[in-house]
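First up is the structure itself, then whatever we jot down about it.
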Amino acid sequence: MYTTLISAEQLKHLVHDHKPLMVFDCSFELMKPAEGDAQYERLRVAGAVRADLDRHLSAHSVRAELVEAGSPSTSSGRSDMTASGGRHPLPKPEVFAAWLARVGFQSDMQAVVYDRQGANYCGRLWWMLKWVGHENVAVLDGGLQAWEAVNGPVATGPDLPRVPSSYKAGTPRARLATTDDVLKHLELPDQTLIDARAPARFRGEVEPLDPVAGHIPGALNRPFGENLGPDGKFKSPAQLKAEFEALLGGRRPSTVVHHCGSGVSALPNLLAMEVAGLGRGALYAGSWSEWCAHPARPVAQG
């Protein structure tokens, strides 16, 4: 069972041995949302299921996808479909599980998630599977590029129809923090916020996506790309541990709540801390886009 990272060679062995397995392609381009589908059709790990950030891993249109596919609706209103706010609101666990059932995912499967954007997007699905109780999910270290480097089998063209399963959400294995949680513990020693956005956005010097620039008071900054080495793979556990301990400055790893702009690029940080042996932190999925939507919430800059 792989629960954090899996190498391309390890994945090849799983494929060769015909282990219960489902691979998900989470490639996405934030400023060109349709490009992820185009990348998937141009080249993907053979057999990979398409997992799109907007359509499948956010609440914006997951309900429409399920209704179109003939799946039973779990709600008649959008507010009942979401588990968080922000630009990429999480769907409710049962709604997400219904999509997993639609693509044929089963509880005995090893899930492997990847993208070609430095694990920026596949970490979302890694966390969401933990959130609905599926522990055996791992990120393909190095993404599609690593798979190509070991001559792993690939495919092209549109996604293929899947045989549905009866998959259901289980007991959560990941912790979701709400805005109320963050507010209640703001700048207290039992909460350490880590913001994964670029330094200029964190400091409030630029803000290309949200209406307010800045960060949550007391937050620390670690851009998500700092978890990867020059080869596009995660740094060693020892190096990640040293870097996070330096960032935390004596704060307990168990107090960490990860966030970013919309609950996506925070996940490489959360995953990296787990790879480093520092435990599984919480995710504030609404992140800055939900936080700054209300003028009464405090904002820091600099």
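So here's what we get for this one:
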| read-out | value |
| --- | --- |
| Residue ID - surrounded by the fewest Cβ atoms within 10 Å (Cβ to Cβ), chosen from residues in region 132-159 that are of a type in the set (Gly, Ala, Ser) and in contact with a strand residue (DSSP E or B) (Cβ under 6 Å, 6 or more places away or on another chain) | 155 |
| When residues of region 243-302 are limited to those that are hydroxyl-bearing (Ser, Thr, Tyr) and assigned to a helix (DSSP H, G or I), the one surrounded by the most Cβ atoms within 10 Å (Cβ to Cβ) | 287 |
| Residue, surrounded by the most Cβ atoms within 10 Å (Cβ to Cβ), within region 173-216, restricted to residues that are among the acidic types (Asp, Glu) and closer than 21 Å to residue 30 by Cβ | 195 |
| Residue 66 at pLDDT below 95, hydrophobic (A, V, I, L, M, F, W, C), surrounded by 14 or more Cβ atoms within 10 Å (Cβ to Cβ) and part of a loop (DSSP other than H, G, I, E, B) | no |
| Of the criteria (1) among the β-branched types (Val, Ile, Thr); (2) at pLDDT 95 or above; (3) surrounded by fewer than 22 Cβ atoms within 10 Å (Cβ to Cβ), which one residue 74 fails | (2) |
| Filtered residues of region 1-35 (kept if touching a residue at least 40 places away in the same chain (Cβ under 8 Å), under 25 Å from residue 131 (Cα atoms) and in a helix (DSSP H, G or I)) | 8, 11, 14 |
| Some residue of region 170-177 being in contact with a Ser or Thr (Cβ under 9 Å, 6 or more places away or on another chain), of a type in the set (Ser, Thr, Tyr) and modelled with pLDDT of 95 or more | no |
| Residues being of a type in the set (A, V, I, L, M) and within 20 Å of the chain's Cα centre (by Cα) - total across region 222-259 | 4 |
| Residue identified as in a loop (DSSP other than H, G, I, E, B), over 22 Å from residue 176 (Cα atoms) and not hydrophobic (A, V, I, L, M, F, W, C) among 230, 217 | 230 |
| Count of residues meeting criterion [of a type in the set (Lys, Arg) and either surrounded by fewer than 24 Cβ atoms within 10 Å (Cβ to Cβ) or over 25 Å from residue 145 (Cα atoms) (or both)] in region 95-131 | 2 |
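The values are calculated or read from the model by the stated rules, or taken from the named source; none is laboratory data. Small disclaimer: the values here were computed from a predicted structure and weren't measured. For neighbour counting, all protein chains shown are included, and Cβ atoms are generated from backbone atoms with ideal geometry for every residue, glycine included.
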